[in-house]
Structure formats: C-alpha cells, structure tokens
Amino acid sequence: MDSMQEPIKQTMKSSAVRDHWSEVVNDVFTKKKTIRVKKSGLTVLGLVPPEDLQLIQEFKAEKLRVENLLDKISTAFEGVPEEEIQREIEKAQLEVWEEYQRNTSGK
C-alpha cells in the first residue's frame, strides 16, 4: 500500500470483532485496515496495522521527549515574568531574521 494512501477505516462492535476475529486480524494485516472497536457506544480500542503501531510508538516517544524538554525549559525560567520571556523571544526571533537577511541578501 502506498504510504500516502488514505487507510481503510472501519468501526465495529466488540461482539462483531469477537465473532469474526480471524477475518478482522487478516483485514488489519493484509488490507491495512484501521478498526475502531466500540462497546456500548464507547470506543474501547483500536486495531491498527503493525506499521501504524510503529508510527504511534515513535510519536509517543517524541511527545514524551518534547514534554521533558518543555519541563526543563519551564524550570530554567521559573520566576521570570511571562512578559520578559516574550520580549526575549521576540528579540531572538528578530536577531535570527536579521542574520538570515544578511546571509541571503548577497545571493
């Protein structure tokens, strides 16, 4: 399947998944279906192809890495007024923009 192709999505009741387990597993694996499983109207789990599971795991690891980084940044700026942080961010953005302009104006 082309990685840019929209995945086949399906919603099933948990009882139907149980009754057709072999077919469901085959569809997820071979047809790359993504199946939302509902019980009493609530989504209780999702079945995804192994490739999608790998992407989900990588995304969650990256999300955790970013959250940890944000925690470190927050700790470093603890007690600094938000207005001062915003001014420093804007100052840094301007400096980067000016440097970019100097580096690209001669090309």
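Local charge for residue 85 was computed over the other residues whose Cβ lies under 13 Å away, with Lys and Arg +1 and Asp and Glu -1, and equals -4. Each Lys and Arg Cβ is given +1 and each Asp and Glu Cβ -1; about its Cα centre, the chain then shows a dipole of about 880 debye. Rounded to the nearest angstrom and listed largest first, the equivalent-ellipsoid semi-axes of the chain from its Cα gyration tensor are 47, 22, 11. If you plug the beta carbon distance of residue 68 and residue 45 into 1/(1 + (r/R0)^6) with R0 = 35 Å, you get a FRET efficiency near 0.80.
Among the lysines of the chain, pairs at least eight places apart or on separate chains and with Cα atoms under 26 Å apart come to 24. Highest average first, the peptides 60-67, 41-48, 75-82 ordered by how many other beta carbon atoms sit within 10 Å of their residues are 41-48, 60-67, 75-82.
Read the figures in this text as sums done on the coordinates, not as results from a lab. For clarity, every value in this text was computed on a predicted model and none was experimentally measured. Glycine also receives a Cβ, built like all others from the backbone with ideal geometry; neighbour counts cover every protein chain displayed.
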